[in-house]
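In what follows, a structure is listed as structure tokens, so that the remarks can point back to it.
The values are calculated or read from the model by the stated rules, or taken from the named source; none is laboratory data. Remember, it's a predicted structure, so these values are computed and weren't measured experimentally. A quick note on method: Cβ atoms are made from the backbone with ideal geometry, for glycine too, and the neighbour counts reach across all protein chains shown.
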Amino acid sequence: MKVKLSSYKEKMLLQRNHGIADNTVVSHFSDLPKRVNVDNNEFSIRDILCSFDDFDNCTKYGNAKCDTNNCRCMDNYYDDGSTCQKKKGRGETCSSGIECLNQFSCTSGICQCATLQYWTGSTCVAKKSVNETCTANKECASTLNCSSGRCQCSTNQYWTVSACTALSGVPTSVTLSPKSRSIQISWSKPVESQTTIQGYRVRVLLNSECVVEVLLVCSTGCTNKLIQHVCSADTRQVRESRRSIELMEPISYEINQLLPYKDYIVLLNAINDAGDGNISETSVRTDSEVPQKPLNVSASVVSSNEVKVTWKLQGPKPGITTYHIKVYELVLNAEPAFVRGENVTGFDKQIAQFSGLEAYWNYTFTVVATTDKGSSKESYMSAVVTTYQDAPGKVTNFVIKRPSTISTTMEVSWSIPLLKDRNGVIKEYKINHNISGTTTTETIAAEYENFKKLYYIAPDRHYQIEIYAVNAINQAGEKLRKIYYASSAIEAQPQVSSKGYSIETVVGAAVGCVVFSGIVVGLESFCCISSAFTQKLSEEQLTALKINLNNLKIEQLDYLSKTIFECLMLTIDMPQKNEEHVDMSKVGLKDAIEFYLYDPPYEHEAPTPD
């Protein structure tokens with residue numbers, strides 16, 4: 001029960017202010033209710049005066065003590081108006097905060113931690129702010145949730161200094177129009193902007209790396225919110241001002257300085273008071289373009305029929321690229337002639353290898369790059385390269401025949417291989433034959449393009465002739481082989497010299513007078529004998545003699561002619577028994593021999609006229 005006692009209040013104040021101790025007064029009011037509220041002219045226990053010598057005056061109120069001349073409830077006790085009651089713990093009912101232990105407050109009639117605190121199990125501690133570590137939602141400040149061990153705002157909310165605020169929605173009607181080097185972006189404001197739009201952020205990513213960031217920031221008609229770039233400093237950054245009304249209308253913006261045929265990701269979001277709103281994410285590929293002209297076309301010889309070609313195409317990659325490589329041949333002094341082409345697909349495949357080319361042949365190359373947008377200019381021609389030498393091809397015009405009506409002579413003629421079949425520098429020719437009965441190989445220097453060689457043979461036999469060219473690096477060429485049958489049948493009248501002496505007569509005369517022993521290197525002795533001498537020679541001896549005469553050099557044949565002219569005396573026809581020898585005219589004999597030498601049986605030393 002609360003009692004108003006103005007006179008008593010005055011006396012208590014008098015005691016407090018002037019130090020007057022009136023035991024009579026205190027005793028007089030000893031039976032009054034323990035609580036009196038001073039502020040409402042009522043007194044509480046703390047208004048009861050006491051002294052160190054008279055502390056019992058406080059204990060009569062229950063769980064009170066004298067403290068600096070006043071009675072007050074002991075720690076963890078409160079004055080309920082009649083006595084000092086023990087303060088209540090967490091979760092107990094209460095009517096005011098004074099009833100709860102000091103760390104608690106009376107909220108909704110329950111003693112509990114303050115609004116910005118949470119119970120740890122032993123005490124109340126302050127709730128945690130955004131991004132602080134946590135184990136449960138109760139540990140986080142209001143509007144924050146414990147997610148992944150951190151106090152965070154819920155989805156579509158953003159932390160604004162003291163609380164989570166709803167983020168802006170996604171921009172609407174987002175369209176992208178790519179070109180080879182730019183992207184045109186168009187959009188409208190979000191349906192749910194939540195608060196005033198302060199700007200827009202556009203980011204373009206390539207391979208997950210930010211390559212350009214554009215900020216369209218409100219400059220007039222909006223709050224002064226600090227909006228900063230979020231991409232790294234080495235990223236191309238653009239910042240432009242917009243009026244508030246412009247940010248609420250449809251917007252179109254072009255991002256340039258991009259690369260062709262690249263896959264980009266475009267991130268777009270509005271910015272409101274809560275910060276960056278929900279993001280619109282769109283993938284887009286820039287268009288391809290016409291390639292630049294290929295550079296540095298270079299050719300290197302791999303083998304006698306292979307050449308490797310390389311080139312450079314300056315970036316960036318213009319799209320799906322195909323290279324058209326053209327092969328040109330150069331023959332003598334003519335203009336380059338197109339041979340064939342080859343395609344290589346792939347921007348980075350700037351190399352091609354050509355096979356099946358001609359050996360020891362001159363080539364040059366060009367390159368054209370193409371995409372679906374068109375073709376580049378043709379590159380400059382590469383430096384001319386010559387493939388390596390290879391074994392020569394077969395000789396041409398290979399013919400074996402009997403010259404005129406001389407059955408004991410075989411003529412072999414041939415020409416250099418065709419230009420594309422030479423495959424290098426022809427050094428010489430090899431002739432394999434069996435004229436002497438065994439296989440013999442002769443070497444003929446390749447000094448001319450056409451060749452002819454005569455051989456003395458025995459008629460009515462088969463002869464095998466094989467011929468091939470050899471190049472400067474001693475590679476043997478393709479061989480040609482022929483079998484020749486030397487018939488003794490005379491198909492035409494013998495060739496007759498201008499003086500009426502047949503070649504057969506002259507050869508017979510020469511054979512009939514030469515004393516032969518071994519290979520004739522020089523003619524040192526001749527004798528004037530009967531033509532019947534020839535009848536005493538065997539077939540083998542006669543053939544050997546003819547072959548050796550054929551192998552004489554022109555100087556030796558000339559010497560033979562002069563010697564015969566000086567000493568030989570023969571009859572034109574075979575002499576009959578007891579017939580006297582008839583001297584031949586020296587002039588006539590010389591004419592016959594010179595006629596024979598007109599088509600001499602030795603290797604030609606001058607080109608045969610075409």
**OP:** Run down PRO190, PRO178 and say which single residue is at negative phi, in the same structural domain as ASP276 (by TED's automatic domain parsing), touching a Lys or Arg at 6+ places or on another chain (Cβ under 8 Å) and touching a residue at least 12 places away in the same chain (Cβ under 8 Å).
**Re:** PRO178
Original post:
Only one of these conditions is not met by LYS312: (1) of a type in the set (D, E, K, R); (2) within 21 Å of THR175 (Cβ to Cβ); (3) touching a strand residue (DSSP E or B) at 6+ places or on another chain (Cβ under 7 Å). Which number is it?
Top reply: (2)
Subject >> Of all residues in segment 304-351 being of a type in the set (Gly, Ala, Ser) and closer than 26 Å to LYS262 by Cα, the one that is surrounded by the most Cβ atoms within 10 Å (Cβ to Cβ) >> reply: GLY319
Original post:
Any idea which of (1) at pLDDT below 90; (2) farther than 30 Å from LEU49 by Cα; (3) surrounded by 13 or more Cβ atoms within 10 Å (Cβ to Cβ) is the one GLY121 doesn't satisfy?
Top reply: (3)
**OP:** Within segment 209-234, track down each residue that is surrounded by fewer than 17 Cβ atoms within 10 Å (Cβ to Cβ) and either within 22 Å of GLY169 (Cα to Cα) or among the polar types (S, T, N, Q) (or both).
**Re:** SER219, THR220, GLY221, THR223, ASN224, LYS225, LEU226, GLN228, HIS229, VAL230, SER232
Original post:
Only one residue in LYS65, LYS88, LYS127 is out of contact with any helix residue (DSSP H, G or I) (no Cβ under 6 Å at 6 or more places or on another chain) and at negative phi, so which one is that?
Top reply: LYS127
